[in-house]
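One structure below.
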Amino acid sequence: MGTFSVSAATVTVDDDGRVLMMRRADSGEWQIPGGVLEPGEQPTQGAVRETLEETGVLVDVIRCTGVYTHTVRGIVAFVFLAL
């Protein structure tokens, strides 16, 4: 089995139904906030931490919406709905 990384991201929706997005500094692309988990970090904790680090917004995770894999790049990604 090869190496892989585990990441977590949030789809954060406000009261008006708007989704929190961030613009990547390296590519200029818009995406939901997220990133690679730190050693020993739970996916929900990582999702909250990454969202705060990247946007300055502290979120509450509601539920997991999916677990996705990118086998070529060796990534497992957890995505959470947050408020």
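The values are calculated or read from the model by the stated rules, or taken from the named source; none is laboratory data. These figures come from a predicted structure and were not determined experimentally. Keep in mind that these areas ignore ligands, DNA and RNA; they rest on the heavy atoms of the full protein, side chains included. Shrake-Rupley method; radii C 1.70, N 1.55, O 1.52, S 1.80 Å.
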Could you provide, to the nearest whole Å², the per residue accessible area of the stretch 25-83 with probe 1.4 Å?
64
Would you please give the residues with an amide H less than 5 Å from that of Ser5, counting only those at least 5 places away or on a separate chain, with H modeled from the backbone geometry?
Ile75, Val76
Per the helix-only model, the chain has a calculated mean residue ellipticity at 222 nm (DSSP H runs of ≥4, -39500 (n - 2.57) each, divided over all residues, rounded to the nearest 500) of -5000 deg cm²/dmol
Would you mind telling me the share, in percent, of accessible area of the chain contributed by carbon and sulfur at probe 1.4 angstrom?
56
